Amino acid sequence: MKQLIVILIFCVLLNSCIKCKDSQGELTSDEKSWLSYSGGEELKFKSDINLKDTFHVGNPTHNGSNGQSDYPCQHHQDAIYYKISNSQNNLDFRIDVSHNDQWNSGVAGISASILDSNFSRFNSSFIFSNFSPQNNIVINGQTFNNVYIMTRDSANFYGVWKIYYTKANGILRYDISHGDYWEKIN
């Protein structure tokens, strides 16, 4: 009888080990498709009152983590982000993409951080999956398809409240709550 119990315990332990599979959590091709830049690009924008600004796309930062642990399994989560800063150093965009699977709750989104004249910083974030792409959107005289127009309530808010974004072209336009909008010109 003792031998039978030992064999059963051994089988249960062996079975639990066999089911265990480490998860690498690498970004899928769909998740990577949100990464419109490779790093080092220069983005030029013009405002509705003919002001110009240049943004520089930083190199991608890989920020993977071990995510959840299901001992003895480890579940890795791959993540990449880009920082995009303007020449006056008062507006930053950050594009974040992290892997989503049964172990990791990934996200793909863009955030904006703007510094006002009193040196107060205002942040806004947009998750791509909360919005649906739209077609025939005209920006700076060009028509674009699959444009994600991401908005937030601009009442009692200062900062970037609307971003036009495509997987193919990245940021096409952004609107600031006090009425200015900026369109990409290159």
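The values are calculated or read from the model by the stated rules, or taken from the named source; none is laboratory data. Everything numeric in this text was worked out from a predicted model, so none of it was measured. Glycine gets a Cβ as well: all are built from the backbone with ideal geometry, and neighbour counts include every protein chain shown. We work out accessible area using only protein heavy atoms, side chains counted, and drop any ligands, DNA or RNA first. Shrake-Rupley method; radii C 1.70, N 1.55, O 1.52, S 1.80 Å.
Put simply, when 134-145, 153-164 are sorted by average Cβ atoms within 10 angstrom per residue, most first, you get 153-164, 134-145.
With a Förster radius of 22 Å applied to the beta-carbon distance between Asp116 and Thr143, the computed FRET efficiency rounds to 0.05.
Only protein heavy atoms count here; on that basis, with a 1.4 Å probe, Asp48 has an accessible area of about 60 Å².
Think of the range 95-186 as a dipole: +1 on every Lys or Arg Cβ, -1 on every Asp or Glu Cβ, centred on the Cα centre; then among Tyr165, Val107, Val138, Val138 lies furthest on the positive end. Within the shell defined by Cβ-Cβ distances under 14 Å, the residues around Asp48 carry a net charge of +1, with Lys and Arg each +1 and Asp and Glu each -1.
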